[in-house]
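Novice: Got a structure for you, written out below as structure tokens; questions coming shortly.
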Amino acid sequence: MKDLSIVQKYMVCTVNDKGVFPVASVEERTLGLVAGALLELQMEGCIAVDGKKVSVAGALPQDKGYLKPLYDFIREKQSVKLYVVVDAYNFSWTDKRINELRDAVGGSLVQLGAASACKAGLLGKQAGYLPGPETVRSVVEQMRAELLEEGPVSDETAALVALLERVKCLKAYFSAFEQKAVRQKIEALAQSPEGKMVRDMMTYLQIIMYSFAARGAAAAGS
């Protein structure tokens, strides 16, 4: 099986046994998916971030086709504020934009043999993407080996774990004691000169989750 990217590993670690995000945390995990996709686009030089605005800066590589829905959205807007991206994806799990990105990432996992397509949701009308046990085991073992043993932590693993921690998924793979050690290691890396990718991920998460919370509060008060 080909090595998976950050956003592909994120989906592997955050879907439930039906191959979809749990209803109770669907909005938060969906926005986490968007944050991971944004980081990958930036890593590939496909987008440029200026303050809280994002714009297309380069072509989308062929092997990153699963990011095309988000890439096309940004390209159509030319230059778009991140909170506009949040608004576009901050709807129910049946929203068209959310489904396009989710299906693109899930479909890429199926093509790689890392997951199988399945039916989910009420009356089986929703597409699910169920990771194989070996896929989950491989992703988790890599995280645990890098974070709990001596040795360097890759930028990709650190960014993935920062993302999983923010959407409250670490507890599924690490004990409470281990989670504390992992957070300390990630925070130390984020403050180091080598931790740019982790800092970028944390910035995306902060902006996206803040925008999500602020718009939710505004809607509740209206």
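The values are calculated or read from the model by the stated rules, or taken from the named source; none is laboratory data. Worth saying up front: this structure is predicted, and the values here are computed from it rather than measured. Using ideal geometry, Cβ is built from the backbone for each residue, glycine included, and neighbour counts are taken over all protein chains shown. To get the accessible areas, we keep the full protein, side chains included, count just its heavy atoms, and leave off ligands, DNA and RNA. Shrake-Rupley method; radii C 1.70, N 1.55, O 1.52, S 1.80 Å.
Novice: Taking the simple approach of a point 7 Å from Cα along Cα-to-Cβ for both residue 78 and residue 52, what is their distance in nm?
Specialist: Inter-label distance under the simple model: 2.2 nm.
Novice: May I pose another question? Using only the C-alpha atoms of segment 1-77, find the volume of their convex hull and express it per residue in Å³.
Specialist: Residue-normalised Cα hull volume stands at 107 Å³.
Novice: Something else about it: Take peptides 138-151, 72-85, 103-116 and line them up by average Cβ neighbours within 10 Å, highest first, as a rough protection proxy.
Specialist: The densest-packed peptide leads the list: 103-116, 72-85, 138-151.
Novice: Once you have a ≥ b ≥ c as the square roots of the Cα gyration tensor eigenvalues for segment 69-192, tell me rounded if a/c is under 1.5, and otherwise prolate or oblate according to whether a/b is larger than b/c.
Specialist: Oblate, since a/c reaches 1.5 and b/c is not below a/b.
Novice: Measuring from centroid to centroid over Cα atoms, what is the spacing of segment 131-160 and segment 47-112 in Å?
Specialist: Between the Cα centres of segment 131-160 and segment 47-112 lies a distance of 25 Å.
Novice: Any idea what the relative contact order of the chain is, in percent, if you count C-alpha pairs under 8 Å spaced at least 6 apart?
Specialist: That works out to 24 percent.
Novice: Compute the Cα gyration tensor for segment 1-130, then decide on rounded, prolate or oblate, letting a ≥ b ≥ c be the square roots of its eigenvalues: rounded whenever a/c is under 1.5, prolate when a/b is larger than b/c in the other cases, and oblate in all that remain.
Specialist: It is oblate, given that a/c is not under 1.5 and a/b is not larger than b/c.
Novice: Checking the a/c ratio against 1.5 first, then a/b against b/c, what shape does the Cα gyration tensor give for the chain?
Specialist: rounded
Novice: Sticking with this one: Averaged per residue, what accessible surface does the chain expose to a 1.4 Å probe, in Å²?
Specialist: 50 Å²
Novice: Here is a follow-up. Give 68/119; 53/168; 53/77 a once-over and call out the pairs whose C-alpha atoms are over 20 Å from each other.
Specialist: 68/119; 53/168
Novice: Note down the nm distance, to one decimal, between modelled labels 7 Å out along Cα→Cβ at residue 191 and at residue 149.
Specialist: According to this spin-label approximation, the distance is 2.7 nm.
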